[in-house]
Amino acid sequence: MGTLTYLAVLAGCLACALWLEPVLRVGVLRQWRRLALTLGPVAAGFLAWDVAAVAAGHWWFDEEQVVGVWLPGGLPLEEVLFFLVIPLCAILGFEAVRRVLARRGAATGPSGRRGTR
Amino acid sequence: MTYTVAAGLAVAAALAIDLVGLRTRLVLGRVFWLSYAIILVFQLLANGVLAGRGVVRYDPAAILGPRVAGAPIEDLAYGFALVLTTLAVWSRLGRSRLGQSRLGHSRLGRSRLGRSRLGRSRLGRSRLGRSRLGQSRLGQSRLGQSRLGQSRPE
C-alpha cells in the first residue's frame, strides 16, 4: 500500500460509518454547524497534544506510509484528517445507537424518551 | 511526562468535561457505552493497522510496553478520551438548541417542535431563540426540568 497506508485506514473508517447517515437517517452531516463546532475544538485540543508528543519524542510517523504532505509541528496531513474522521465516525455511531434504541422503545433513559414517535 | 501519564490525564480531563464541565453525563448512561463498545472494535482495527504496521511509531521509553491488537495499551485511553470528549461536546451543543431545552423533556414539545424540521429551523437555528432561550441555564432549569417533573406521573 506504500504511501497510501494511513489514508486508506481513514477511508476505511469513513466507509464503515458514513452509510449510517442515509440508512438510519441520523442527520449528523445535515447538522453541519453543530458538527463543525464539535470537531473544531476537539481537533484543536488533540492536535496540540499531538504536536507536543512529537516534540517530546513520544511518537513519530513513518515517512514511507504517508502521502508526504507535512504540516508545521511535524504532523503528516493524515494526522489532521484523523481528528476529523474519527470524531465524525464516533458521532455517527453514537447517533445510530440512539436512533436504534429509540425506535425499539427499549431505552428507559433520557434518550429513550425520544423514541415515542 | 510519558505517553502513559499523558493518556491518563486525558481520560481524567475527558471525564471532567463530561461530568462537570459540560454536564452531559454520558458515562452515566448506556447509550454512550453501547456506542463506545462498537467504536472500540473499529478503533482496535484501525489502530492495529496504524501502530501494527508502524505508520505511527512509539518511543519504548514513553510507554508501558503491553500492546493490544498491535497498539500500545495507552492508545485505549487515548481513544476513549477522544471519543468521550467528542460526544460530550456534540451532546452539549445538541441540548442547547432546537428548543429542546426550552420545551424540555415533555413528549409533546419534543415530538412537535424538537424534531420537526419546521420547529428546528424556526426555533432552533434562529440566533435569537438560541441565545435567549436555548442557552440560558435558567430557562433550561425552569422550563425544561419542571415539565419533566410534571410529565412523570402520567
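Need at least 2 residues that are among the hydroxyl-bearing types (Ser, Thr, Tyr) per element, so show me which helices (runs of 4 or more DSSP H) inside the range A:1-78 make the cut, counting only ones lying wholly within it.
Once the helices (runs of 4 or more DSSP H) in the range A:1-78 are filtered for at least 2 residues that are among the hydroxyl-bearing types (Ser, Thr, Tyr), what remains is A:5-17.
Quick check on the range A:51-61: of everything there that is within 9 Å of chain B (Cβ to nearest Cβ) and in contact (Cβ under 8 Å) with a residue 12 or more places away in the chain, which residue is surrounded by the most Cβ atoms within 10 Å (Cβ to Cβ)?
Residue satisfying both the conditions and the ranking: A:PHE61.
So which of B:LEU34, B:LEU45, B:LEU40, B:LEU22 is in contact (Cβ under 8 Å) with a residue 60 or more places away in the chain and out of contact with any Asp or Glu (no Cβ under 9 Å at 6 or more places or on another chain)?
One residue alone meets the criteria, B:LEU22.
Of everything in the range A:15-34 that's farther than 20 Å from B:GLN43 by Cβ and at the interface with another protein chain (Cβ under 9 Å from one of its Cβ atoms), which residue is surrounded by the fewest Cβ atoms within 10 Å (Cβ to Cβ)?
The qualifying residue surrounded by the fewest Cβ atoms within 10 Å (Cβ to Cβ) is A:ARG33.
Just to be sure I understand, how many residues within the range B:46-62 are more than 8 Å from chain A (Cβ to nearest Cβ) and either over 22 Å from B:MET1 (Cβ atoms) or surrounded by fewer than 16 Cβ atoms within 10 Å (Cβ to Cβ) (or both)?
Residues that pass the stated criteria total 4.
Readers should treat all values here as calculations from the given coordinates under stated rules, not as data from a laboratory. Note that this is a predicted model, so its numbers are computed, not measured. Virtual Cβ from ideal backbone geometry, glycine too; neighbours counted across all protein chains shown.
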